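Taking it in order: structure first as structure tokens, then the write-up.
Each value in this text was obtained by applying a stated rule to the coordinates, not by laboratory testing. Fair warning: this is a prediction, and the values are worked out from it, not measured in the lab. All Cβ positions, even for glycine, are placed from backbone atoms using ideal geometry, and neighbour counts span all protein chains on display.
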Amino acid sequence: MMMTARNLPGKSDRGFTLLEVLVAMAIMALTLLTLLLMHSGTIRLAGAGIFTGNIPMLVQRVLAEQMADSSGFNQGAGSFGPEFQGLEWTCTTEDVTWEDPASLSDQQLDRLKKIKIEISAPGKDRSWSITTWRYLVETDD
């Protein structure tokens with residue numbers, strides 16, 4: 001009788017069955033899929049963090065530009081130039097209605113403005129808006 005590796009005494013067949021290999025591959029595939037989903041979520045959150053982190057500074061920039069304008073706050077829209085490509089802003093102003101008109105004169109009420117600034121990233125479904133009230137003082141006051 002010829003001795004081969006299969007029928008050596010004390011040596012049994014050792015190896016993985018097809019089922020064990022398939023189960024191991026399925027577990028590895030699920031693990032890799034979960035890691036890739038977590039990674040893409042992290043990248044998405046980082047982009048949102050950059051967007052929301054810059055918004056307060058950009059709102060202040062728009063407010064400062066509007067206040068520097070000699071005609072006061074105007075309805076307007078624009079972009080932030082190459083440094084913040086893809087971000088756009090709109091500014092709307094409204095006269096304020098006051099519940100107790102006796103507390104403010106007509107002249108004071110005319111100077112009180114409700115200002116809404118919206119900053120958006122078109123195509124990325126991100127937008128942010130702030131509403132503020134400003135009392136506009138004339139230069140001769």
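Pull out the extension gain between residue 23 and residue 125, defined as 0.36 nm times the separation in residues minus the alpha carbon to alpha carbon distance; nm, one decimal. Working shown, then result.
On the way: separation 102, 0.36 × 102 = 36.72 nm, distance 4.05 nm.
That works out to 32.7 nm of additional length.
If you look at the Cα atoms of the stretch 18-135, you get an Rg and a Dmax of 24.1, 87 Å.
Net charge near residue 95, counting Lys/Arg +1 and Asp/Glu -1 over other residues with Cβ under 15 Å of its Cβ?
Values: positive: 111, 113, 114, 116, 134; negative: 94, 99, 106, 110.
Combined, the nearby Lys, Arg, Asp and Glu give +1.
Count Lys and Arg as plus one, Asp and Glu as minus one, and take only other residues whose Cβ is under 12 Å from that of residue 120; the net charge is then -1.
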